[in-house]
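See structure below.
The values are calculated or read from the model by the stated rules, or taken from the named source; none is laboratory data. Note that this is a predicted model, so its numbers are computed, not measured. Here the Cβ is made from the backbone with ideal geometry for all residues, glycine too, and neighbour counts use every protein chain on show. The area values use the complete protein model at the heavy-atom level, side chains included, leaving out ligands, DNA and RNA. Shrake-Rupley method; radii C 1.70, N 1.55, O 1.52, S 1.80 Å.
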Amino acid sequence: MENKRINGNDLIALGYKENHAMGVALKINKKRLGFTREQMLVNFKNVLENPELYLEDAVFKPLADVLLKIDAMEEEMIPLKENPETYTIYGEENIEDGAKKQMNVAMKLPVTVAGALMADAHQGYGLPIGGVLATKNAVIPYGVGVDIGCRMALSVFDLPTSYLEEYPDKLKDLLMKKTRFGAGHGYLKHERVDHEVLDNALFETNDFVRALKDKAWTQLGTSGGGNHFVEFGVMEFTEADEALGVEKGKYLALLTHSGSRGLGATIAGHYTKLAKEICKLPYEAQNLAYLDLNTTEGQEYWLAMNLAGDYASACHQVIHDKIKIALGAELLAKVENHHNFAWKELFDGHEVIVHRKGATPASKDVMGIIPGSMATPGFLVRGKGEDAAINSASHGAGRLMSRTQAIKTLSSTDLKTILEDNGITLLGAGMDEAPMAYKDIHTVMSAQADLVDVVATFSPKIVRMADDGSRED
């Protein structure tokens, strides 16, 4: 009991309210300052009752300051809607309460117009992963996410699936050598490639963005960490698709998932901090701080976000081009879609800003890719344009358990068995990405049958992921 972490409920029991003072107290508690749990609780109670006595205390001064100013702070805060907008939830029975609670808060924002929660939803920061939110002339950095412009890219080659059995070593070698994985990893100067995205005028938006250009060049064509991957697999079209120009059959395909790397993460961190300084929201909504698009800061973020999206796309293009050339193959089809982004779209006759944090654009006839896990199929889909979903669909299966829980509870022996049973070769990855850590993709797909039509199925066979335990960056 002594080592059990103090949480918000413990602080409420002491008399704290769910406000910014609680947030400061929890931050102090994270520092593991040498106090026992009981000593920490006594300190928190004493600071709450007599904050003026702790104004010179090295540990508790920040909490004392906030407690003495909290009334004035709350008077300055932007009020939330008392009657929030309603929203549609897809696959609600398989979505955790934390994600719903976050979405409920997002619907209270004064700028919110509409929302939807996708079938793969789970809790995140600010807007839940799988959350779709339409706002009026405002953009939420944490509604976009840290990995701005994260996307899927699919290349279907004019090669038979027998290539997987005939040249497995060649394909593994390509996955190992044609990109790099791991947070922070990139290329040395003599290894870097050029791409037109590096000449994008948006790099000259301001000094902050300009300073990120060399980092962007270093990481161009890399894949990051966490759930990002590059994989070969079998693409099966059970019938010809006239729009794509692909005949019925099975083909060798390359599927990639990654985003804007350090460029996007740095932009997200900078403008989230700025949004929180400008947009003072109640404690429960502080991670949903937004920037008005009529302001300099809002325009700066919007341009930087679009630059990060272009850069993420360029990273995929570099990887796909390298592998296509090495294979000596021709492309039958190329499909790409992004999530963790905000778009200007028409909704109910009005222009809105649609945030899709871990959600796939699915307007009428728009193509998308919805992956499962390293051992389960993904789907090439065509959107139906469902208004209730704000023209969106899930971006994957969605996590069933946290990374920490997966690492602590899942068996590497079980993972090995699943991979062997499905004929999958895994290069890298940790237990946090095991298929058992994800929801059942078939359940997710059945919950969104009204949102997309399945065009083809992708079955992963050789999967490359980060092997250093790093998260997405």
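By the scheme Lys and Arg +1, Asp and Glu -1, what is the net charge of all other residues having a beta-carbon under 10 Å from that of VAL193?
Numbers: positive: ARG192, LYS322; negative: GLU191, ASP194, ASP321.
Local net charge: -1.
Before I look further, what does the range 275-360 give for accessible area per residue, probe 1.4 Å, in whole square angstrom?
Ligands and nucleic acids excluded, the figure is 39 Å² per residue.
Could you give the size of the charge dipole of the range 16-97 about its Cα centre, using +1 on the Cβ of each K and R and -1 on the Cβ of each D and E, expressed in debye and rounded to the nearest 20?
On the way: 10 positive and 17 negative charges, 129 e Å.
Taking the Cα centre of the range 16-97 as origin, the dipole is about 620 debye.
Nearest 5 is fine: what % of DSSP beta bridges in the chain come out antiparallel, could you say? Walk me through the numbers before you get to the answer.
Working: 66 of 72 bridges.
Here the antiparallel bridges make up roughly 90 percent for the chain.
Carbon-plus-sulfur fraction of the accessible area of the chain, 1.4 Å probe, in percent? Let's see the in-between values first.
Numbers: 10220 of 21110 Å².
Carbon and sulfur atoms account for 48 percent of the accessible area of the chain.
Let a ≥ b ≥ c be the square roots of the eigenvalues of the Cα gyration tensor of the range 2-117; is it rounded (a/c under 1.5), or, if not, prolate (a/b larger than b/c) or oblate?
Values: a/c = 3.46, a/b = 1.70, b/c = 2.03.
Oblate, because a/c is 1.5 or more while a/b does not exceed b/c.
Find the accessible area per residue for the range 1-135; the probe is 1.4 Å, ligands and nucleic acids are left out, and the unit is Å². Let's see the in-between values first.
Values: 7400 Å² over 135 residues.
Heavy-atom accessible area per residue stands at 55 Å².
Considering Cα pairs under 8 angstrom that are at least six residues apart, work out the relative contact order of the chain and quote it in whole percent. Numbers along the way, then the final one.
Numbers: 1047 pairs, mean separation 95.9, N = 473.
The normalised contact order for the chain reaches 20 percent.
For labels at ARG210 and ASP158 in the simple 7 Å Cα→Cβ model, what's the distance in nm?
In this crude spin-label approximation the distance works out to 4.7 nm.
Which of the peptides 458-466, 230-238 is most tightly packed, and how do the rest follow, going by the mean number of other Cβ atoms within 10 Å of each residue? Walk me through the numbers on the way to the answer.
Details: 458-466: 22.9, 230-238: 21.2.
Ranked by mean Cβ neighbours within 10 Å, highest first: 458-466, 230-238.
If I fit a long axis through the Cα atoms of helix 261-278 and take the longest principal axis of the Cα atoms of the chain, what angle between them do I get, 0 to 90°, rounded to 10?
30
Taking the Cα centre of the range 366-456 as the origin, how large is its charge dipole in debye, to the nearest 20, when only Lys and Arg (+1) and Asp and Glu (-1) carry charge on their Cβ atoms?
Numbers: 7 positive and 10 negative charges, 45 e Å.
Approximately 220 debye in magnitude.
How large is the helix-only mean residue ellipticity at 222 nm for the chain, computed as the sum of -39500 (n - 2.57) over DSSP H runs with n ≥ 4, divided by its residue count, in deg cm²/dmol to the nearest 500?
Numbers: 15 runs with 161 residues, N = 473.
Helix-only estimate at 222 nm: -10000 deg cm²/dmol.
Reachable lysines from LYS364, Cα under 22 Å, same-chain residues fewer than 8 places away excluded?
LYS334, LYS344, LYS384
Just want to confirm a number: the relative contact order over the range 19-162, from Cα pairs under 8 angstrom separated by 6+ residues, in percent.
Worked out over the range 19-162, it gives 15 percent.
Relative contact order of the range 249-361, please, whole-number percent, based on alpha carbon pairs below 8 angstrom and at least 6 residues apart.
Working: 80 pairs, mean separation 22.8, N = 113.
With pairs under 8 Å counted, the relative contact order is 20 percent.
Tell me the angle of helix 37-49 to the major Cα principal axis of the chain, expressed in degrees between 0 and 90 and rounded to the nearest ten.
Between helix and principal axis, roughly 50 degrees.
So how strong a dipole does the range 82-124 carry about its Cα centre when Lys and Arg Cβ are +1 and Asp and Glu Cβ are -1, to the nearest 20 debye? Working shown, then result.
Values: 3 positive and 7 negative charges, 34 e Å.
Dipole size: approximately 160 debye.
Can you quote the Å³ per residue value for the convex hull of the Cα atoms in the chain, rounded to an integer? All intermediate terms of the calculation are to be shown ahead of the outcome.
Details: hull volume 78.5 nm³, N = 473.
It comes to 166 Å³ per residue, whole-number rounded.
Give the shape of the range 320-410 as rounded, prolate or oblate, defined through the alpha-carbon gyration tensor: a ≥ b ≥ c are the square roots of its eigenvalues, a/c under 1.5 means rounded, and otherwise the shape is prolate if a/b is larger than b/c and oblate if not. Provide the component values of the computation, followed by the final result.
Working: a/c = 2.27, a/b = 1.15, b/c = 1.98.
Oblate.
What's the angle, to the nearest 10 degrees (0 to 90), between helix 97-106's Cα axis and the longest principal axis of the chain?
In the chain, helix 97-106 runs at an angle near 70 degrees to the longest axis.
Cross-link candidates for LYS101: which aspartates and glutamates have Cα within less than 16 Å, leaving aside residues fewer than 8 places away along the same chain?
Counting by Cα, and skipping residues close in sequence, LYS101 has these aspartates and glutamates nearby: GLU18, GLU82, GLU85, GLU92, GLU93, ASP120, GLU284.
Can you give the Rg to Rh ratio for the range 397-443, taking only C-alpha atoms and Rh from Kirkwood?
Values: Rg = 10.5 Å, Rh = 11.1 Å.
Result for the range 397-443 is an Rg/Rh of 0.95.
Classify the range 360-455 as rounded, prolate or oblate, taking a ≥ b ≥ c as the square roots of the eigenvalues of its Cα gyration tensor: rounded when a/c is under 1.5, otherwise prolate if a/b is larger than b/c and oblate if not.
Details: a/c = 3.05, a/b = 2.10, b/c = 1.46.
In terms of gyration-tensor shape, prolate.
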